Number of protein chains: 2
Amino acid sequence: MEVVVPFSTDRPKSRLSGVLSPDERSAFSRAMLRDVLDAVAAAGGEPRVLATDAVDLERPVTVDDRPLTTAVNAALDARLGESPGDSGPVAVVMADLALATPAALRGLFEGGRDADVAVAPGRGGGTNAFVADDPAFRVDYHGASYLDHRQIAADAGLSVAVVDSHRLATDVDEPADLAELLIHAEADGDGGGGGESRAAQWLREAGFALDTADGRVGVERE
Amino acid sequence: MEVVVPFSTDRPKSRLSGVLSPDERSAFSRAMLRDVLDAVAAAGGEPRVLATDAVDLERPVTVDDRPLTTAVNAALDARLGESPGDSGPVAVVMADLALATPAALRGLFEGGRDADVAVAPGRGGGTNAFVADDPAFRVDYHGASYLDHRQIAADAGLSVAVVDSHRLATDVDEPADLAELLIHAEADGDGGGGGESRAAQWLREAGFALDTADGRVGVERE
């Protein structure tokens with residue numbers, strides 16, 4: 001299955017601006033992107049980056065500088081043909097799902113076999129990943145897109161499978177999400193080891209560590 | 001399987017104090033508790049509340065006013081016997097998992113069949129639910145308990161299954177979690193209908209609604 005991974009080269013992770021400089025946000029975003037692409041490939045998907053500008057990667061890249069919703073709908077149009085069954089399904093997976101594992105992505109792909117549309121909601125009502133194989137499905141990433149996408153599918157008479165995954169629900173947008181990334185990197189026993197994700201390794205090398213001093217888990221930077 | 005649901009009658013949800021009065025926090029907590037108990041029963045579990053004081057419920061209640069860690073370890077001692085296989089497994093599920101569905105809980109219970117301990121991590125490194133069937137497993141709910149529980153299991157030579165569920169990862173602690181509850185209540189099509197969870201219904205009747213005005217999803221109260 002082709003898996004489209006939208007990536008903005010020019011829109012830094014502004015909600016991380018309190019803890020990371022623009023250059024750091026760019027480097028960290030690319031580390032997450034490469035982790036996501038590797039996880040997609042390990043899950044049996046064929047990743048293709050949908051980037052707003054050229055990006056240097058060892059993976060196929062399509063450049064489309066239009067807004068996210070427009071670019072993704074164009075990608076769906078190009079792949080899903082005019083009626084169901086014209087092609088196989090296509091998936092769209094966000095580039096900041098730094099906790100995504102091959103197992104979590106396989107769960108998404110399997111959801112797509114059971115329904116016309118499988119959606120992995122993000123925390124806060126976003127749409128972090130989906131699989132669709134019917135050209136009647138369209139995206140609209142403004143606002144609470146998970147609710148909008150459920151409605152779009154319902155209006156088109158499409159069945160929906162919801163993929164319940166904490167890893168896929170966690171898009172890395174704000175400092176608390178950095179803690180989430182480090183928690184799961186540490187829990188999976190790859191702290192500092194060769195199996196550590198690029199994004200977790202990048203954070204550690206940038207001086208970030210878990211901070212549990214006040215009872216809640218956050219990050220500190222040395 | 002017996003499923004222990006710890007519930008504090010005297011410790012309100014203090015991180016919701018900006019949006020709910022003490023009496024409201026108490027009522028909302030009880031609504032969530034009853035939703036969790038119903039979901040556990042619908043998933044095939046036998047719920048038992050482990051409460052810090054008497055609580056009026058149509059379910060079995062054990063009162064233990066000691067701290068959470070002590071009370072849960074005592075409950076494990078009472079149920080798991082002295083060696084593996086003395087009894088069936090026991091589960092512990094937090095009372096504020098207002099998004100928990102029977103399907104998500106069945107995923108937890110199934111995880112417990114594949115490993116000595118199955119853990120559903122909470123966002124922020126907590127331990128929102130687990131199943132254990134070996135008395136060598138102990139809990140310690142201070143700090144990043146998910147990491148601690150992984151370590152406790154590893155030190156005891158116990159295999160661990162991680163249950164990757166957004167619904168089980170979402171304990172309702174702070175205002176953003178109220179939005180999460182309303183998003184999924186609305187997505188599942190029960191907005192105002194008879195199938196709505198008690199907690200979601202309580203929030204709506206208290207005047208809460210989703211607020212997507214600024215691009216991010218939060219709650220507003222009329």
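The values are calculated or read from the model by the stated rules, or taken from the named source; none is laboratory data. Keep in mind that this is a model prediction, so the values were computed, not measured. Every residue, glycine among them, receives a Cβ derived from its backbone with ideal geometry; neighbour counts consider all protein chains shown.
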Residue hits (the range B:136-153; assigned to a loop (DSSP other than H, G, I, E, B) and more than 30 Å from B:Glu180 (Cα to Cα)) are B:Ala136, B:Phe137, B:Arg138
Is there a residue in the range A:58-81 that is within 14 Å of chain B (Cβ to nearest Cβ) and not hydroxyl-bearing (Ser, Thr, Tyr)?
yes
Starting from residues that are surrounded by 16 or more Cβ atoms within 10 Å (Cβ to Cβ) and modelled with pLDDT under 95, keep the ones in the range A:177-190 and report whichever is farthest from the other protein chains (Cβ to nearest Cβ).
A:Ala185
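For the range A:136-164, give me each residue that is facing another protein chain (nearest Cβ under 10 Å) and among the hydroxyl-bearing types (Ser, Thr, Tyr). Walk me through it before giving the result.
Of all residues in the range A:136-164, those facing another protein chain (nearest Cβ under 10 Å) come to A:142-151, A:154, A:160, A:162-164.
Scanning the range A:136-164 gives A:Ser145, A:Tyr146.
Quick one: which of B:Leu108, B:Leu99 is in contact with a Lys or Arg (Cβ under 6 Å, 6 or more places away or on another chain) and within 14 Å of another protein chain (Cβ to nearest Cβ)? Before the answer, list the steps.
Numbers: B:Leu108 fails: in contact with a Lys or Arg (Cβ under 6 Å, 6 or more places away or on another chain).
Result: B:Leu99 is the single residue among B:Leu108, B:Leu99 that is in contact with a Lys or Arg (Cβ under 6 Å, 6 or more places away or on another chain) and within 14 Å of another protein chain (Cβ to nearest Cβ).
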